[in-house]
Amino acid sequence: MHSTLITLCHKNFSIWKTLCTFYRDEFLLSIDCKIDLEVSSVAHGLMFLANALPIITKHNMQKALLLSLFITLIDHSLHSQTIPYSVGRIVISSDGNEHDHDDWAATPMTLALLASRGLQDKVTLYTFSDHVWGSNHDFEDAAEQMRISAYEGQEWFGFEYTEFIEAVEDPEAAYEAMKREINKSSAEDPLTIIAAGPMHVVGEGIARAKPERLKHVHLISHSPWNNRHSNRPNKSWEDHSGWNWSQIEENFAPKGLFMDYIANQNGGETHDGLRSEKENYDWLRDSEHRNLPIYKAGSWDWLYARQLEYMRKNQKFFDPSDAGMIVYLLTGIDKTDPDDVRRLLENPIINNQRIRSRD
């Protein structure tokens, strides 16, 4: 049980509290000692367990050793990034130029969500169309649709200082830009990478980077297809290979890269996900919050239109599913639904201040 909890905590910050509560209930409340510390964040939990360690050691050495290992793992994770987001740069890599076209919708939603927290200056690199082996086989206008979603989204939501790279047009530029961002990483300036496409651009950037920087990098993915597609092409015209999630994990997790594989944002047995019927996004068209001063006039109309453009090929659903990783980054929630997106967009917070209507 203890080793399972430790493994889970290392993979998902949301579970660390379980172990804190377990140790508190089993040890601290059964002896003449009380640590008055609310367990409300990863940092608080780490402090709680560190303070508990001498007490637990006195009563059970084996369990104390397990707890010490857990504290080491969490301490390492804190040097990469915190969930919810608190510090550091953000890099995003998405596809959309081939196969599933959900990135036509997800890239605009990703930019809108980040803008709702005023994080434009923290997003230093956005590589899109990162299916670097070709475009426009499944949808003849896929690459153009991604240029619209990325470059127009950059303008609508204020990402003028973010470097946008169309990876399929210049893979080498994408690899080198990814490498440069990783090499900037430190305990004071960690990096989160949102992997919303095949893993090759991300993996190649990691492979070229300085290994000692990887302990300050947090890689997030949610999609089984994205994780394996680089070396498992699934169409007759495809013949390619590249980095996948398992290879990245095998080669770079031992060097400190923190890999965070969250719930599938398309939905599952325990959650709806962001791939949902059109009516579940009617608020995006009708909400009075669309006129909040942090949003450029017309930006929500454009955002809604990009969701419709995806549905034009799909006929039933809106699917900004990859943007669920941004919901997770900002809130810690990985079992998402459209209402999670609504709460973020309708309640923007800039510099810890809630933004309200001009009225």
A correct fewest-to-most ranking of Trp283, Trp300 by other Cβ atoms within 10 Å would be Trp283, Trp300
So, relative contact order of the range 84-359 in percent, Cα under 8 Å, 6 or more apart, is 23
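Determine the sum of side-chain charges near Arg213: Lys and Arg each +1, Asp and Glu each -1, restricted to other residues whose C-beta is under 13 angstrom from that of Arg213.
Working: positive: Arg89, Lys179, Arg180, Lys184, Arg208, Lys210, Lys215, Lys255; negative: Glu181, Glu188, Asp189, Glu212.
Taking every Cβ under 13 Å from that of Arg213, the sum is +4.
Taking the Cβ of Thr336 as the center, what net charge do the other residues with Cβ under 12 Å away carry, scoring Lys and Arg +1 and Asp and Glu -1?
On the way: positive: Arg275, Lys335, Arg342, Arg343; negative: Asp272, Asp322, Asp334, Asp337, Asp339, Asp340.
Around Thr336, the charge tally is -2.
Please report, in debye to the nearest 20, how large the charge dipole of the range 84-359 is about its Cα centre when each Lys and Arg carries +1 at its beta carbon and each Asp and Glu carries -1 there. Don't skip to the answer; put the middle values down first.
Details: 30 positive and 47 negative charges, 183 e Å.
The calculated dipole for the range 84-359 is roughly 880 debye.
Can you compute the FRET efficiency between Glu163 and Glu250 using 1/(1 + (r/R0)^6), with r the Cβ-Cβ distance and R0 = 25 Å? Round to the nearest 0.05.
Values: r = 29 Å, r/R0 = 1.17.
So the FRET efficiency works out to roughly 0.30.
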In the range 271-334, the trypsin sites (Lys or Arg not before Pro) that sit in a DSSP loop and have at most 15 other Cβ atoms within 10 Å of their own Cβ are Lys296, Lys316
Checked against the positive end of the charge dipole of the range 84-359 (+1 on Cβ of Lys and Arg, -1 on Cβ of Asp and Glu, about the Cα centre), the farthest of Gln145, Ser129, Val87 is Val87
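Each reported figure results from applying straightforward, stated rules to the coordinates on display, with no laboratory input. From a predicted model like this one, the values you see are computed outputs, not experimental measurements. Please note: Cβ atoms are built from the backbone with ideal geometry, for glycine as well, and neighbour counts cover all protein chains shown.
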